[in-house]
Amino acid sequence: MDATTTNNNFLETAWNIGTHLMKTSIWHHKSCTWQGYSFEPLNGTYQPVIKTFGPDVYSGTSGIALFLMALYSERKDPILLKTIEGSIEQVRSTMNQASNHGFYAGKPGIAATLIKLGAALDKEEWIKEGLELLESIPTDSLQSYEIDIISGAAGTIPVLLDAYAVFEKQELLDKAIALGNLLCSAAVKNDTIWSWATVPSQKNLTGFSHGSCGIALALLQLHQVTGNPSFLEASEGGFNYERHSFDSSQQNWPDFRDDVTSGSAGNICGLAWCHGAPGITISRLKANQFYPNTVFANEMKIALTTTANSVYHGLVENLSNTNYSICHGIAGNADIILDCGGIEYQQLAEAVGNAGISKYQDNNIPWSTGLNSGQYTPGLMMGIAGTGYFYLRLLNKDKHKSVLVPALVLS
């Protein structure tokens, strides 16, 4: 199969997913949203329920809009454009209900979506509202759940810094600095080893989504802009925590969450963007870009090897039990290795894409999502919008930047 045919297959796969989202959108006047399964607390346990979703990037309308906008850049379809506009109308009507912090769960990711899509579609009002949303974010204190990149300050700081670079509004930088100072104050410090309490766990977490390297990366980015040595010290402390926790026998980093248990004395290590080597790969890749360092480069190689091995084994031995979400599925791990250089990683990621086409699209069966049950959900990180975005990344990874790092990327 030649490159042109392969690329056409990737685009058609993304288009088929986008078409499904267009067909299943739920409209009220000029706004649209989607429904699907989500695991929610019910009668003392988490159970799958069907619901509509909020305006957030992780599972809500903003994340779906990011995928649809990327798809529209490849195929200028009028119904697709109408769906994008409808989804943003829904975001605009519900965005003030979102949590204050976090790229994936909160207002910063929603603001980034409004600004990015507003710039792409020449919608000045969207850009204005996105900036106003950023300006509304408080910086006076943080709760424990307001620390990490998912729903915390570590996911807010990169968006503020990117917006400051574009719009040159001093208050955006001031907010980022204030949040950086709060993160420094919230750290659990043991000399040069720093960590943060984010979710219930006996030990503070490693990893990207809720762990030390996601926070350390945001602080490193803040240091690069401000030159403040306190932020560099805090960032190095966060990365040191992972070095101290590294499990050399598994070439991976332990998952210390309370609900992760082991029948043996050994560590349980994650193998996903959210927990484990894949997310740590991308943290070290970005850290080495901000602050070139052989230690970062070496750690990235270790994490990358573990990640690539997990992708290979999932592809060859366990495809029936994996899923194509970008949070903790094979598509997310393949997405990460795409940015790490080397034709072998590009080919492995493409093999994941081709396997998904053969298994799901060619057989006309629903894509497996990141829910434990594999049930349908439309969103970016757990659902089919993220799967579609992965196929656009395979089509052109330089044009369609990874959504697995908090950022405001304007084309």
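The values are calculated or read from the model by the stated rules, or taken from the named source; none is laboratory data. Please read these numbers as outputs of a predicted model, since none were measured by experiment. Note: ideal-geometry Cβ built from the backbone for every residue, glycine included; neighbour counts use all protein chains shown. Calculation scope for accessible area: heavy atoms of the full protein, side chains included, ligands and nucleic acids excluded. Shrake-Rupley method; radii C 1.70, N 1.55, O 1.52, S 1.80 Å.
Worth pointing out:
- Qualifying position, being modelled with pLDDT of 95 or more, open to solvent by less than 40 Å² (accessible area, probe 1.4 Å) and over 20 Å from Ala407 (Cα atoms), among Thr322, Thr294, Thr307: Thr307
- Criterion applied to Ala105, Ala120 was being of a type in the set (Gly, Ala, Ser) and open to solvent by 50 Å² or more (accessible area, probe 1.4 Å), and the one residue passing it is Ala120.
- In the set (1) more than 21 Å from Ser402 (Cα to Cα); (2) hydroxyl-bearing (Ser, Thr, Tyr); (3) assigned to a helix (DSSP H, G or I), the condition left unmet by Thr6 is number (1).
- Count of the stretch 347-398 residues which are touching a Gly at 6+ places or on another chain (Cβ under 7 Å) and in a loop (DSSP other than H, G, I, E, B): 11
- Subset of the stretch 27-41 that is under 12 Å from Pro378 (Cα atoms) and out of contact with any helix residue (DSSP H, G or I) (no Cβ under 7 Å at 6 or more places or on another chain) - its residue that is modelled with the lowest pLDDT: Ser38
- Screening the candidates Leu11, Leu80, Leu68 for the property of being touching an Asp or Glu at 6+ places or on another chain (Cβ under 9 Å) and either within 19 Å of Tyr389 (Cα to Cα) or at pLDDT below 95 (or both) yields one hit, Leu11.
- Unique match (being in contact with a strand residue (DSSP E or B) (Cβ under 6 Å, 6 or more places away or on another chain), open to solvent by 10 Å² or more (accessible area, probe 1.4 Å) and in contact (Cβ under 8 Å) with a residue 12 or more places away in the chain) among Ser201, Ser144, Ser212, Ser136: Ser201
- All positions within the stretch 380-411 that are at pLDDT below 95, within 14 Å of the chain's Cα centre (by Cα) and either surrounded by fewer than 24 Cβ atoms within 10 Å (Cβ to Cβ) or of a type outside the set (A, V, I, L, M) (or both): Val409
- Residues within the stretch 21-80 that are open to solvent by 50 Å² or more (accessible area, probe 1.4 Å), outside any loop (DSSP other than H, G, I, E, B) and in contact with a Leu (Cβ under 8 Å, 6 or more places away or on another chain), tallied: 3
- Answer residue from the stretch 183-198, given it is among the aliphatic types (A, V, I, L, M) and either crowded, with 18+ Cβ neighbours inside 10 Å or at positive phi (or both) and is nearest to the chain's Cα centre (by Cα) among those: Leu183
- First in the stretch 161-188 and among the hydroxyl-bearing types (Ser, Thr, Tyr), second anywhere and open to solvent by less than 50 Å² (accessible area, probe 1.4 Å), Cβ under 8 Å, 6 or more apart: Tyr164/Leu172; Tyr164/Leu173; Tyr164/Ala176
- Residue within the stretch 223-231 that is open to solvent by less than 20 Å² (accessible area, probe 1.4 Å) and either in contact (Cβ under 8 Å) with a residue 60 or more places away in the chain or under 18 Å from the mean Cα position of the chain (by Cα) (or both) present: no
- Output for the stretch 86-102, where each listed residue is crowded, with 24+ Cβ neighbours inside 10 Å and over 21 Å from the mean Cα position of the chain (by Cα): Gln90
- Enumeration of residues in the stretch 370-411 that are more than 26 Å from Glu344 (Cβ to Cβ), touching a Phe, Trp or Tyr at 6+ places or on another chain (Cβ under 7 Å) and of a type in the set (A, V, I, L, M): Leu371, Leu380, Met381, Ile384, Ala385
- Residue among Leu338, Leu304 that alone is under 18 Å from the mean Cα position of the chain (by Cα) and under 20 Å from Gln251 (Cα atoms): Leu304
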